Amino acid sequence: MSGKVRKRNITKHEQQTNGNEKANLKSRSVSRGSHGILIILFMMVAITWGIAASAYFGLVDYKALIVHGTSVSTSDIMQYTSALYPSQYEALRHPVRSLGEALIYFDDLIFSLFVKKEKTSYIDKRRVVVFNFPLEKHVNSIKDSSQLYEKTSANAVSNDDSAKDSGFSKDHTNDKKISGEPTNHVDGEASTKEEQPQVAESKMKPTQEKNKKKSSQAKTSSSSLKAKSGSSNQLSLEQNKTLLKQLQEGDELLKKKKVNEALSVFEKIISSNPSSPSAIFGKAEALNQKSLQQRSNKILIESLKFYDQVINLPNCPKKLKKKAGLIKAERHIFLGQLKEAVITLKKMAETFPRDTDILNQLGVSYLYVGNTEKAQKVYAKVLSIDPDNGFAQVHFGFILKTAGDWIKGAYYLKLGIESMAEGTQEGKFYFHLGDALHRTNRSTEADEIYKLGAKNGLFKSKYQRSLYNVNRLQSHPFWTPAEAKVNNYVKTLESKWKMIRDEALNVMDVEKGLFIPEEESLKDTGDWKQLTLYARGQPQKDCKRLPKTCALVSKMPNAHGCTRGQIKFSIMMPGTHVWPHTGPTNCRLRMHLGLVIPKTGQGAWLRCADQNRTWEEGKVLIFDDSFEHEVWQNAESFRLILIVDVWHPDITEHEKKTLSPI
Ligand code: LMR
Ligand code: MN
């Protein structure tokens, strides 16, 4: 069958299937009542996760997410889905590095939902929020606690240099789905009208000087219990002095992490001064610290009650109120209670409508619940108040860019990055700025940004922009089988290539809709679809449709067991151009087995870093996809390859077992 004929078949089949899937979904939901709703929700979770994860990691086994979901209510699923899948906020696309034990700490329910396969991704996503939150003490406490988890965990990620060294401060920004993701609107404020300021670009002065502006975010150091008790006005001078002394004592104990003693001190103060904001705040802080020491959600949740009390005290000094509100919101996020975080920050924003620290965090919380629209409005407001606010600029730019507005996105991302303000020097912002510049014919500037990102340690090099790296690994764009230590695999694949090709072609013809369009917005033009057999070391459901190929790769432990890669077929139609992009990790090498390689027209080829290559039928081509690569398909019929990721040859057996899956 000719390529052209086959092309028409695929398109037709896939169109039909899409239609059928929609119809099925609809009919199921009607016929099965609440059970149907649950199924749909689960599917939404799965699809949503699939989109998000595939956007970043390539296709993954998102079905795993729903396996443990049966005991969970629909609203829980919606809520956790919004946490799990924070739409367009890439900070969440971090590598997994924590484990089941840690997850229990965060939330038993989530544990039961996701612990089996997706546990680590999930916890990570909320941790990232914590790390993005510029509250020093809490960042530190959580860093401490995460170390603790890692020590106690049998599968701790110990060799992922990126995850370990840079924590979450660097972000991974590649393979990003850009827009159109479903979101959960959990801010519970349909009736509340928000101010919708417009930010005129003319208002946005380019920040020339690197002002190294520090966020004026409230510091959460326990030593900052400076706000005097509001009730002290009614006290005698002597009582005031005693109160202050006691507060300082509690503060000192907190600094020394003597939480129980601090707790008794604050409780003692409260017993005689029940509405002392500082004492109640101290108690909240002590409980918060205790929760971290004991890894107890229960205690953490209890602490939230007291932060809330502080916020609601009529005599609470504003500074303390702001501090308590910001911590409370951040703790909610830590717990995965994103809706509560939004509510808290919204309330804070009502009290402090022009406080850019609060608004910036409100924007972050909106992004985490997937409410990009609201986040955008909030950042627009911040920028109308403070046009040079770098934090708001990068986030505003990020939102615009990921929504497809590359020109404006680049404009704000650039301003924000140049501001050097806290929270702006992250890989994801550099990445998206470079990408936006490149996509708008400003490649020279994109190149400069990538170079700067490399210079600032956000990327390994201007071409190698993966974030989840083991630093010692040797790297270069193209590899020989001997260099990659995959001689045997290559031999097997090359000797069985026709069998693999025929199995894939058979599925393309007979099984409809198995190939899924690339959904990561990597495609500039054309038609590009994939069928995944293995992802993150797990066989995918479609494996059974291609038993011979799956049996073959199942004998290749460095391939099917590569938890940082995938095995998938990739079909590309003529007229396709894939934007330059970068994979998430340097821990894998990517083999491409040529199956159907058209030579007509201008052919099809791949650029990796500064070298172009093309495929040959029955031959394996190996490259390191952590280097920028780009694909053109300008032939006259389709191109089909099998992509097999393998562990980088320098990765140790221990690392293979312990590196967090991507
Ligand atoms: C890639 O690995 O990004 C592409 O080369 C895939 C493809 O189908 O060419
Ligand atoms: Mn790629």
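The values are calculated or read from the model by the stated rules, or taken from the named source; none is laboratory data. All values reported here derive from a predicted model rather than from experimental measurement. Backbone-built Cβ (ideal geometry, glycine too); neighbour counts: all protein chains shown. Each accessible area value is taken on the protein alone, full model and side chains, heavy atoms only, with ligands, DNA and RNA left out. Shrake-Rupley method; radii C 1.70, N 1.55, O 1.52, S 1.80 Å.
Restricting attention to region 592-601 and to residues that are part of a strand (DSSP E or B) and more than 10 Å from ligand 1 (Cβ to nearest atom), the residue that is surrounded by the most Cβ atoms within 10 Å (Cβ to Cβ) turns out to be 593.
Close contacts from region 591-608, counting a first residue that is more than 14 Å from ligand 2 (Cβ to nearest atom) and a second that is among the basic types (Lys, Arg) and at pLDDT below 95, with Cβ to Cβ under 9 Å and a gap of 6+ residues or different chains, come to 596/6. Report whether or not residue 421 is more than 20 Å from residue 328 (Cβ to Cβ), of a type in the set (Gly, Ala, Ser) and in a helix (DSSP H, G or I). Judged against the criteria, residue 421 is not a match. Please verify whether residue 662 is aliphatic (A, V, I, L, M), under 27 Å from the mean Cα position of the chain (by Cα), more than 13 Å from ligand 1 (Cβ to nearest atom) and under 23 Å from residue 516 (Cα atoms), treating the condition exactly as stated. Against the criterion (aliphatic (A, V, I, L, M), under 27 Å from the mean Cα position of the chain (by Cα), more than 13 Å from ligand 1 (Cβ to nearest atom) and under 23 Å from residue 516 (Cα atoms)), residue 662 qualifies.
Can you name the residue in region 609-620 that is within 16 Å of ligand 2 (Cβ to nearest atom) and open to solvent by less than 20 Å² (accessible area, probe 1.4 Å) and is also nearest to residue 481 (Cα to Cα) among such residues? Taking the candidates together, the pick is 615.
When residue 543 is tested against the conditions (1) touching a residue at least 24 places away in the same chain (Cβ under 8 Å); (2) open to solvent by 10 Å² or more (accessible area, probe 1.4 Å); (3) touching a helix residue (DSSP H, G or I) at 6+ places or on another chain (Cβ under 6 Å), the lone failure is (1). When every residue of region 618-638 is checked against the conditions, none turns out to be under 18 Å from residue 518 (Cα atoms), of a type in the set (Lys, Arg) and either more than 13 Å from ligand 1 (Cβ to nearest atom) or outside any loop (DSSP other than H, G, I, E, B) (or both).
Does residue 472 meet the test of being within 26 Å of the chain's Cα centre (by Cα) and open to solvent by 70 Å² or more (accessible area, probe 1.4 Å)? Yes; evaluated as a whole, the condition is true for this residue.
A single member of 512, 555, 529, 548 is touching a residue at least 24 places away in the same chain (Cβ under 8 Å) and in a strand (DSSP E or B), and it is 529. Yes or no: residue 540 within 14 Å of residue 624 (Cα to Cα) and not β-branched (Val, Ile, Thr)? Against the criterion (within 14 Å of residue 624 (Cα to Cα) and not β-branched (Val, Ile, Thr)), residue 540 does not qualify. The number of residues in region 284-297 being open to solvent by 20 Å² or more (accessible area, probe 1.4 Å) and touching a Ser or Thr at 6+ places or on another chain (Cβ under 8 Å) comes to 3. Give the residue that is farthest from residue 501 (Cα to Cα), with candidates limited to residues of region 553-585 that are away from ligand 1 (no atom under 15 Å from the Cβ) and open to solvent by 20 Å² or more (accessible area, probe 1.4 Å). Only one residue fits best here, namely 563.
If a residue has to be within 22 Å of residue 631 (Cβ to Cβ) and either of a type in the set (Val, Ile, Thr) or in contact with a Lys or Arg (Cβ under 7 Å, 6 or more places away or on another chain) (or both) to count, how many in region 550-585 make the cut? Result for region 550-585: 12.
A Cβ distance below 6 Å, combined with a sequence gap of six or more or placement on separate chains, defines the contacts here; from region 393-421, residues that are within 14 Å of residue 360 (Cβ to Cβ) and among the small types (Gly, Ala, Ser) reach residues that are in a helix (DSSP H, G or I) and open to solvent by 10 Å² or more (accessible area, probe 1.4 Å) in the pairs 421/391. Within region 232-247, restricting attention to residues that are hydrophobic (A, V, I, L, M, F, W, C) and at pLDDT below 80, the residue that is farthest from the chain's Cα centre (by Cα) is 237. Going by the conditions given, is residue 390 buried (at least 24 other Cβ atoms within 10 Å of the Cβ), touching a residue at least 40 places away in the same chain (Cβ under 8 Å) and within 30 Å of residue 660 (Cα to Cα)? Taking the combined requirement at face value, the residue does not satisfy it.
Given the options 509, 502, name the one that is open to solvent by 60 Å² or more (accessible area, probe 1.4 Å) and of a type in the set (Asp, Glu). Step by step, each of 509, 502 is checked, and only 502 is open to solvent by 60 Å² or more (accessible area, probe 1.4 Å) and of a type in the set (Asp, Glu).
Could you look through region 499-526, keep only residues that are within 16 Å of ligand 2 (Cβ to nearest atom) and among the aliphatic types (A, V, I, L, M), and pick out the one that is nearest to the chain's Cα centre (by Cα)? Top of the filtered list is 522. So which residues in region 284-320 are among the charged types (D, E, K, R) and in contact with a Leu (Cβ under 8 Å, 6 or more places away or on another chain), if there are any at all? The answer is 285, 290, 295, 302.
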